[in-house]
1. Please indicate, with yes or no, whether at least one residue in the stretch 76-93 is among the hydrophobic types (A, V, I, L, M, F, W, C), outside any loop (DSSP other than H, G, I, E, B) and modelled with pLDDT of 95 or more.
2. Any idea how many residues of the stretch 94-113 are within 20 Å of the chain's Cα centre (by Cα), of a type in the set (V, I, T) and more than 22 Å from F29 (Cα to Cα)?
3. Quickly run through the stretch 196-218 and pick out the residues that are among the acidic types (D, E) and either in contact (Cβ under 8 Å) with a residue 12 or more places away in the chain or surrounded by 13 or more Cβ atoms within 10 Å (Cβ to Cβ) (or both).
4. Where residues in the stretch 1-22 are modelled with pLDDT of 95 or more and touching an Asp or Glu at 6+ places or on another chain (Cβ under 8 Å), which of them is nearest to V153 (Cα to Cα)?
5. Within the set of pairs 6+ apart or on separate chains, which have a first residue in the stretch 11-25 that is more than 10 Å from A43 (Cα to Cα), a second that is of a type in the set (K, R), and C-beta atoms under 6 Å apart?
6. Given T68, T4, which one is touching a His at 6+ places or on another chain (Cβ under 6 Å) and not in a helix (DSSP H, G or I)?
7. Report whether or not T39 is under 23 Å from E151 (Cα atoms), in a loop (DSSP other than H, G, I, E, B) and either under 17 Å from the mean Cα position of the chain (by Cα) or not hydrophobic (A, V, I, L, M, F, W, C) (or both).
8. Tell me, which residue of the stretch 52-80 that is touching a strand residue (DSSP E or B) at 6+ places or on another chain (Cβ under 9 Å) and acidic (D, E) is surrounded by the fewest Cβ atoms within 10 Å (Cβ to Cβ)?
Amino acid sequence: METTYFRFDEVKEGTPAYERYLAARHEVFCEELHRVDPTGLMASNGQAIETDRYDCHSRHFLATHKETGSVAGFARVILPSEMGLNVTPRYVIDDPLPYPGATADRIGEISRMAIAARYRRRHSDQGKPAHGDPESEMLRKPDGFRRHQPELVLGMYREIYRLCREVGIDYCVAAMDNLFSRTLTSLGFPFVAIGPVNEQVAPPRRVYLISATEMERSLGAREADVLRFMQAWKESGEAT
């Protein structure tokens with residue numbers, strides 16, 4: 001799907017777009033944040049890429065800035081499989097979970113999600129839940145004056161939501177720091193902490209769980225415009 005400034009596509013293994021997505025993952029997670037060890041693998045064009053054993057059990061999304069064609073963000077959803085989820089061996093997760101229906105075959109994981117540095121919002125962009133011109137508001141601003149672009153973040157979560165509804169995943173987990181989880185909660189996304197903070201990762205993070213049904217209820221009650229944005233794919237008739 002598209003928004004005012006961004007295009008969102010699912011990328012498939014073996015395509016140039018998929019290699020571009022893996023290269024962007026390396027740039028953010030290996031080079032910038034140093035959260036993931038480099039794999040030493042290269043794309044067909046010689047760019048370093050980041051990949052792991054969960055990729056073959058995942059669906060992958062790439063966001064691009066429509067005007068320039070540059071990578072703006074990306075994410076994957078790890079689907080239920082015999083491999084399990086990436087958070088399971090690294091975080092303590094409460095048992096039982098807060099939703100009785102949250103069984104292993106109905107839980108996916110939002111993973112490797114990031115916004116490219118040049119598309120992170122300015123602090124003064126508060127109060128713009130879905131739009132903002134990347135050129136005037138972010139690309140020419142120093143890092144200390146930018147935060148996540150709201151249209152971009154919501155667009156990524158819309159693709160994740162659409163995929164989950166289409167494949168029958170009713171819940172997703174994600175490892176997040178407290179700041180990002182509070183930001184999403186303030187927008188009406190009811191992420192619930194389901195375990196203690198892991199102080200061994202940087203920044204310290206814990207696992208959160210979200211229910212698609214609870215998200216629809218919460219957004220419908222608090223942020224009707226955001227819910228309409230999230231469900232625009234239903235009206236357009238687009239399919240993944």
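1. Applying the first criterion (among the hydrophobic types (A, V, I, L, M, F, W, C)) to the stretch 76-93 yields 77-79, 83, 85, 87, 92-93.
Now restrict to residues that are outside any loop (DSSP other than H, G, I, E, B): 77-78.
Those still in the list that are modelled with pLDDT of 95 or more too: 77-78.
Yes, the conditions are met somewhere in the stretch 76-93.
2. The number of residues fulfilling the criteria is 1.
3. At the first step, the residues of the stretch 196-218 found to be among the acidic types (D, E) are 199, 214, 216.
Once the filter is applied, which keeps residues that are among the acidic types (D, E) and either in contact (Cβ under 8 Å) with a residue 12 or more places away in the chain or surrounded by 13 or more Cβ atoms within 10 Å (Cβ to Cβ) (or both), the stretch 196-218 yields E214, E216.
4. F8
5. The qualifying pairs are R25/R112.
6. Values: T68 fails: touching a His at 6+ places or on another chain (Cβ under 6 Å).
Going through T68, T4 in turn, the sole match is T4.
7. When the stated conditions are applied, T39 does not pass them.
8. D52
The values are calculated or read from the model by the stated rules, or taken from the named source; none is laboratory data. Note that the structure is predicted; figures quoted are calculated from it, not measured. We place every Cβ from the backbone using ideal geometry, glycine too, and count neighbours over all the protein chains shown.
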